[in-house]
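Report on one structure; see the data block that follows.
The values are calculated or read from the model by the stated rules, or taken from the named source; none is laboratory data. Since this is a predicted model, take the numbers as computed values, not measurements. A quick note on method: Cβ atoms are made from the backbone with ideal geometry, for glycine too, and the neighbour counts reach across all protein chains shown.
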Amino acid sequence: MTEHLSKFGRMLKQKILKTVLPNGITVLTDYMPCAYSATVGAWIPRGSRHEVLENNGLSHFYEHLVFKGTENRTALEIAHAIEDRGGNLEAYTTRQETGFYAQVVKEDVALALDVISDMLMNPLFDAKEMEKERKVIIEEIHSYDDIAEECVGDIFNEIHYKGCGLALPIAGTVKSVRELTREGMLEYERQVIEDLPLLVCAAGKVDHEKLVELVQKFFSKKTSAKKPFDDLYAANTGIKAKSKKELNQSSVFWGTSFDSVNGMEFSRALGIFNVAFGGDMGSRLFQKIREELGLAYSVYSMTDVYRNTLGWGVSFATDPQKADMALSLAKSELEKFLKNGFEKGELERTKKNIIGGLHIGADSTEKRLMRLADQTLHFGRFYTMAETEKEVKSFTEDRILCILQKLFEKAPFATAVVKPAE
């Protein structure tokens with residue numbers, strides 16, 4: 001069944017089509033008639049939040065290993081298939097999902113989908129390649145440990161989300177990666193083919209019906225989607241500090257999360273607030289902590305959107321002697337915002353910032369593809385750019401402040417710090 005999802009999209013010449021296949025694959029396209037290229041990808045709704053300590057890092061390991069060869073292609077042939085045509089093939093794992101996508105000239109959409117489906121439907125999981133890639137991933141974990149900003153984020157998740165899979169690092173730990181088995185990979189493959197609802201998206205000059213035919217052809221091994229994972233959520237207060245050698249600054253992450261009962265309404269309000277509070281150079285946080293007081297070079301706030309959870313936090317790096325002062329300032333700025341709301345003209349500037357970014361991103365097949373995938377995976381539906389613009393413009397100061405006060409009223413805050421050993 002194919003349905004039109006572009007009720008508002010005609011305003012921005014956006015044509016979104018959706019087809020749900022009997023085997024559990026959803027196909028979404030964002031048609032861009034003037035594009036010379038297209039970006040196409042496939043998503044598995046499984047990430048590190050769906051793991052336990054013993055198999056932590058399995059989704060990330062799977063993402064790596066499917067590049068190492070299939071029943072039809074060697075690792076080098078996978079690389080050449082796309083790169084020799086001027087395109088690029090990417091993949092990533094998050095706490096919520098694992099994604100694979102390729103940007104190609106519009107004539108090579110079938111090729112890109114062929115390669116991606118081959119990786120997901122026919123992976124070899126060669127034992128020798130698995131052992132080599134295990135070493136690579138352990139080095140990747142060590143590299144994250146060397147970056148204080150990466151490390152502090154994982155520590156925050158560990159203490160704040162204790163009790164659910166969101167507490168686990170995406171790449172796993174050195175111990176868990178060493179214990180991952182080929183049998184675990186084969187079970188992952190079985191889940192992709194039999195249990196999990198896959199998402200295939202494309203943006204660019206792509207014919208929807210032809211893409212549906214290609215998906216049916218290339219994903220013919222996919223049989224059903226009967227058992228999606230539960231998205232468990234737990235949130236806690238806490239403080240944890242870790243000392244590391246050869247650091248000159250303390251990296252701090254202070255934040256919280258919210259049960260996303262109202263979905264997109266809460267997410268939009270939080271997103272508008274976040275841009276004004278700490279999203280860019282003109283934000284309150286940047287102006288106060290960096291520009292006025294010179295306490296940090298890097299300081300910002302951020303949101304994390306999961307399927308049933310919204311996360312929010314402040315991140316900065318500063319002199320260890322000034323970390324408490326910077327954190328107190330961030331807290332006081334939040335209290336001030338929740339009490340007094342937006343300053344004069346601040347909301348309108350923020351809306352223009354968001355809408356302007358939306359319009360600029362409209363030229364990119366990759367960004368439009370990511371909007372399709374992210375919103376469908378996290379909210380269960382897609383919002384056109386015109387629909388998004390209309391909703392952003394409709395938010396009043398009172399409505400945003402009411403939502404924020406409700407969100408933050410009993411929010412459990414946690415603090416993570418990575419500081420110099422001395």
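Any idea which of (1) over 18 Å from Asp374 (Cβ atoms); (2) touching a helix residue (DSSP H, G or I) at 6+ places or on another chain (Cβ under 6 Å) is the one Val20 doesn't satisfy?
The number of the failed condition is (2).
Here are some conditions: (1) over 28 Å from the mean Cα position of the chain (by Cα); (2) assigned to a helix (DSSP H, G or I). Glu343 meets all but one. Which one does it not meet?
Single failed check for Glu343: (2).
Any idea which of (1) under 19 Å from Gln375 (Cα atoms); (2) at pLDDT 95 or above; (3) in a loop (DSSP other than H, G, I, E, B) is the one Thr303 doesn't satisfy?
Against the list (1) under 19 Å from Gln375 (Cα atoms); (2) at pLDDT 95 or above; (3) in a loop (DSSP other than H, G, I, E, B), Thr303 comes up short only on (3).
Report every pair of residues separated by at least 6 positions or lying on different chains whose Cβ atoms are under 8 Å apart, first residue within segment 83-107 and in contact (Cβ under 8 Å) with a residue 60 or more places away in the chain and under 17 Å from Pro228 (Cα atoms), second in a strand (DSSP E or B) and of a type in the set (A, V, I, L, M, F, W, C).
Here the result reads Glu97/Trp43; Glu97/Ile44; Gly99/Ala42; Gly99/Trp43; Gly99/Ile44; Gly99/Ala91, each pair linking segment 83-107 to a residue that is in a strand (DSSP E or B) and of a type in the set (A, V, I, L, M, F, W, C).
Sort through Phe379, Phe395 and tell me the only one that's among the aromatic types (Phe, Trp, Tyr), over 20 Å from Thr350 (Cβ atoms) and out of contact with any Ser or Thr (no Cβ under 7 Å at 6 or more places or on another chain).
That would be Phe379, the only listed residue that is among the aromatic types (Phe, Trp, Tyr), over 20 Å from Thr350 (Cβ atoms) and out of contact with any Ser or Thr (no Cβ under 7 Å at 6 or more places or on another chain).
Any idea which of (1) farther than 21 Å from Lys221 by Cα; (2) in a strand (DSSP E or B); (3) of a type in the set (A, V, I, L, M, F, W, C) is the one Ala79 doesn't satisfy?
Ala79 satisfies every listed condition except (2).
Provide a single number: the residues in segment 92-126 that are outside any helix (DSSP H, G or I), over 19 Å from Leu28 (Cβ atoms), aliphatic (A, V, I, L, M) and in contact with a helix residue (DSSP H, G or I) (Cβ under 8 Å, 6 or more places away or on another chain).
Residues meeting the conditions: 1.
Of the residues Glu183, Glu209, which single one is more than 29 Å from Asp363 (Cα to Cα) and outside the structural domain of Ser251 (by TED's automatic domain parsing)?
Glu183
If you go through segment 277-301, how many residues are touching a Gly at 6+ places or on another chain (Cβ under 6 Å) and among the hydrophobic types (A, V, I, L, M, F, W, C)?
The qualifying residues number 1.
When you look at Phe277, is it outside the structural domain of Ser48 (by TED's automatic domain parsing), aromatic (Phe, Trp, Tyr), in contact with an Asp or Glu (Cβ under 9 Å, 6 or more places away or on another chain) and in a helix (DSSP H, G or I), yes or no?
yes
All but one of (1) in contact with an Asp or Glu (Cβ under 9 Å, 6 or more places away or on another chain); (2) surrounded by 14 or more Cβ atoms within 10 Å (Cβ to Cβ) hold for Phe413; state the number of the condition that does not hold.
Result: Phe413 fails condition (1) only.
Search segment 184-200 for residues that are over 23 Å from Val40 (Cα atoms) and pair each with any residue that is assigned to a helix (DSSP H, G or I) when their beta-carbon atoms are under 7 Å apart and the residues are at least 6 apart or on different chains.
Taking only residues 6 or more apart or on different chains, the pairs are Gly184/Asn55; Gly184/Leu58; Met185/Tyr62; Met185/Leu65.
So if I check each of Ala416, Ala373, which one is in a helix (DSSP H, G or I), closer than 29 Å to Cys151 by Cα and at pLDDT 95 or above?
Selected residue: Ala373, the only one of Ala416, Ala373 that is in a helix (DSSP H, G or I), closer than 29 Å to Cys151 by Cα and at pLDDT 95 or above.
Each row is one residue, and each column tells you yes or no for (1) of a type in the set (D, E, K, R); (2) in contact with a Phe, Trp or Tyr (Cβ under 6 Å, 6 or more places away or on another chain).
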| position | (1), (2) |
| --- | --- |
| Glu140 | yes, no |
| Ile147 | no, no |
| Tyr161 | no, no |
| Arg182 | yes, yes |
| Glu194 | yes, no |
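Name the pairs: first residue in segment 139-165 and of a type in the set (Val, Ile, Thr), second residue crowded, with 20+ Cβ neighbours inside 10 Å and part of a helix (DSSP H, G or I), Cβ to Cβ under 9 Å, at least 6 apart or on different chains?
Here the result reads Ile141/Val177; Ile159/Ala167, each pair linking segment 139-165 to a residue that is crowded, with 20+ Cβ neighbours inside 10 Å and part of a helix (DSSP H, G or I).
State the number of residues belonging to segment 164-202 that are among the basic types (Lys, Arg) and surrounded by 19 or more Cβ atoms within 10 Å (Cβ to Cβ).
The qualifying residues number 0.
Specify which of the listed residues (Ser48, Ser6) is among the hydroxyl-bearing types (Ser, Thr, Tyr), at pLDDT below 95 and outside the structural domain of Val305 (by TED's automatic domain parsing).
Just one listed residue meets the conditions, Ser6.
Looking only at residues in segment 203-231 that are among the basic types (Lys, Arg) and surrounded by fewer than 16 Cβ atoms within 10 Å (Cβ to Cβ), which one is modelled with the lowest pLDDT?
Looking at residues that are among the basic types (Lys, Arg) and surrounded by fewer than 16 Cβ atoms within 10 Å (Cβ to Cβ), I get Lys227.
Quick check on segment 55-70. Is at least one of its residues within 22 Å of Gln191 (Cα to Cα), in contact with a Lys or Arg (Cβ under 6 Å, 6 or more places away or on another chain) and crowded, with 24+ Cβ neighbours inside 10 Å?
Yes - at least one qualifying residue is present in segment 55-70.
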